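> Before anything else, here's the structure in question.
The values are calculated or read from the model by the stated rules, or taken from the named source; none is laboratory data. Predicted, not measured: the structure shown is a model, and the values here were computed from it. For neighbour counting, all protein chains shown are included, and Cβ atoms are generated from backbone atoms with ideal geometry for every residue, glycine included.
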Amino acid sequence: NTPLTVLGLETSCDETAASVVRLDANGRVEVLSSVIGTQFAAHAPYGGVVPEIAARAHVEMIDSVTAQAMKEAGLTYSDLSGVAATAGPGLVGGVMVGLSFGKAVALARGLPLVAVNHLEGHAVSARLAADIPYPFLLLLVSGGHCQLLSVEGVGACRRLGSTIDDAAGEAFDKIAKSMGLPYPGGPALEKLAEGGDPSGYELPRALLGRKGFDFSFSGLKTAAARFAATVATEEERRDLAAAVQAAIARQLSERTDKAMAAYAQERPGQSLRFVVAGGVAANRAVRSRLQEVAERHGFSFDAPPLAYCTDNAAMIALAGAERLALGISDPLDAAARPRWPL
Ligand code: KG4
Ligand code: ZN
């Protein structure tokens with residue numbers, strides 16, 4: 001049970017990322033490096049991620065980003081215990097770049113390969129910076145995903161609810177676009193919402209009477225786009241942004257509220273932990289609403305530091321290291337999986 005030193009690679013969307021993470025026998029985690037080559041400028045003119053441009057950019061950057069991560073960690077490939085690469089879900093052209101690169105390193109150095117589910121990466125991301133034991137209730141909110149999961153252990157997740165249409169980050173991005181904000185819309189909308197008054201706009205509350213813990217953002221998106229076409233002043237824009245942000249935060253917290261009640265009921269007397277992860281976990285309004293709900297239900301509250309909320313390779317390295325610690329690795333012909341539910 002020596003410490004495991006794992007190179008992680010992440011290329012499933014528009015960030016080319018590499019990281020080296022060390023996991024010791026006591027479960028202590030140390031991020032030795034985390035390098036992110038962002039493709040933001042390449043996609044900005046199109047108002048969203050263009051898969052073909054993303055795949056090409058990953059090809060161009062993966063070498064240098066990985067070399068940088070190794071250099072910052074002060075290690076050579078012979079110091080590694082394994083390689084972890086995102087194998088899906090995501091844009092398949094990009095996934096294949098990182099996964100193939102990871103396979104090449106594994107083959108050349110005789111290292112085990114772990115084909116990591118990107119969502120499992122987000123699920124462990126809060127563990128990069130805090131000691132959060134399993135099990136925990138997880139709200140995973142990113143550009144591609146919006147799910148409530150019961151995380152029981154390494155690779156053992158049970159899905160409690162998910163979105164029936166858009167993901168929360170997708171809703172932020174699409175609404176921001178309809179308001180003329182630059183891509184990526186979530187952070188831009190949060191900035192615009194500062195000091196805004198959310199009370200002036202009546203936005204729909206989705207799936208209110210429905211059983212379970214599913215999400216829906218399409219009604220909100222349509223209503224917000226309608227308002228966006230009518231706002232005239234900068235103040236009105238700010239208020240609309242605040243109203244949209246509040247509506248998304250409200251839906252996330254209402255669903256989490258219900259899930260916490262059910263989760264706690266199944267675990268009388270146990271310590272209850274809640275984690276929010278994914279790009280939308282970077283939003284302060286979302287965080288604070290969720291923290292309130294967690295406190296009300298007696299759950300501990302954790303969110304990853306901002307740098308680990310959005311896509312990064314440290315979370316992939318850690319997810320891989322946790323699997324390696326249990327003796328789990330994947331064959332070198334592991335396939336890229338554009339769709340791969342947890
Ligand atoms: O986890 P992530 O980097 O990529 C995916 O796996 O999807 O999440 C990106 C998403 C984007 O939709 C982005 O707009 C959203 O997270 N996001 C935010 C904020 N920062 C990133 N949404 C709201 N407020 C933010 N501060
Ligand atoms: Zn992600």
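> From the list GLN265, GLN245, GLN251, exactly one residue is within 24 Å of the chain's Cα centre (by Cα) and more than 21 Å from TYR183 (Cβ to Cβ). Which is it?
GLN251
> Any residue that is away from ligand 2 (no atom under 15 Å from the Cβ) and surrounded by 24 or more Cβ atoms within 10 Å (Cβ to Cβ) - is there at least one of those in segment 279-292?
yes
> Report yes if some residue within segment 191-198 is closer than 21 Å to GLY47 by Cβ, without any contact (Cβ under 8 Å) to a residue 24 or more places away in the chain and within 16 Å of ligand 2 (Cβ to nearest atom); otherwise report no.
No: zero hits.
Every residue, every condition in (1) within 26 Å of GLU170 (Cα to Cα); (2) away from ligand 1 (no atom under 16 Å from the Cβ); (3) at pLDDT below 95; (4) surrounded by 15 or more Cβ atoms within 10 Å (Cβ to Cβ), yes or no:
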| position | (1), (2), (3), (4) |
| --- | --- |
| GLY47 | yes, no, yes, yes |
| THR76 | no, yes, no, no |
| PRO89 | yes, no, no, yes |
| ILE132 | no, yes, no, yes |
| PHE136 | yes, yes, no, yes |
| LEU140 | yes, no, no, yes |
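> Could you please tell me which pairs satisfy a Cβ distance under 8 Å, a separation of 6+ or placement on different chains, a first residue in segment 84-101 that is of a type in the set (D, E, K, R), and a second residue that is in a strand (DSSP E or B)?
none
Residue by residue, here is whether (1) assigned to a helix (DSSP H, G or I); (2) not aliphatic (A, V, I, L, M) holds:
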{"residue": "GLY196", "(1), (2)": "no, yes"}
{"residue": "PHE213", "(1), (2)": "no, yes"}
{"residue": "GLY219", "(1), (2)": "yes, yes"}
{"residue": "PHE274", "(1), (2)": "no, yes"}
{"residue": "VAL293", "(1), (2)": "yes, no"}
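> Is at least one residue of segment 237-257 hydrophobic (A, V, I, L, M, F, W, C) and surrounded by fewer than 16 Cβ atoms within 10 Å (Cβ to Cβ)?
no
> Moving on to the next point. Is it the case that segment 63-80 has a residue that's in contact with a helix residue (DSSP H, G or I) (Cβ under 6 Å, 6 or more places away or on another chain), outside the structural domain of GLU170 (by TED's automatic domain parsing), within 16 Å of ligand 2 (Cβ to nearest atom) and not in a loop (DSSP other than H, G, I, E, B)?
No, segment 63-80 has no match at all.
> Going through segment 26-62 one residue at a time, which ones are in a strand (DSSP E or B) and more than 11 Å from THR11 (Cα to Cα)?
Matches in segment 26-62: VAL29, GLU30, VAL31, LEU32, SER33, SER34, VAL35.
> A follow-up question, please. Could you tell me whether any residue of segment 143-159 is away from ligand 2 (no atom under 16 Å from the Cβ) and farther than 30 Å from ALA25 by Cβ?
yes
> Any residue in segment 292-299 that is basic (Lys, Arg), at pLDDT 95 or above and within 15 Å of ligand 1 (Cβ to nearest atom)?
The answer is no, given that none of the residues of segment 292-299 is basic (Lys, Arg), at pLDDT 95 or above and within 15 Å of ligand 1 (Cβ to nearest atom).
> Do we have any residue at all in segment 206-214 that's more than 16 Å from ligand 2 (Cβ to nearest atom) and under 22 Å from the mean Cα position of the chain (by Cα)?
Yes: one or more hits.
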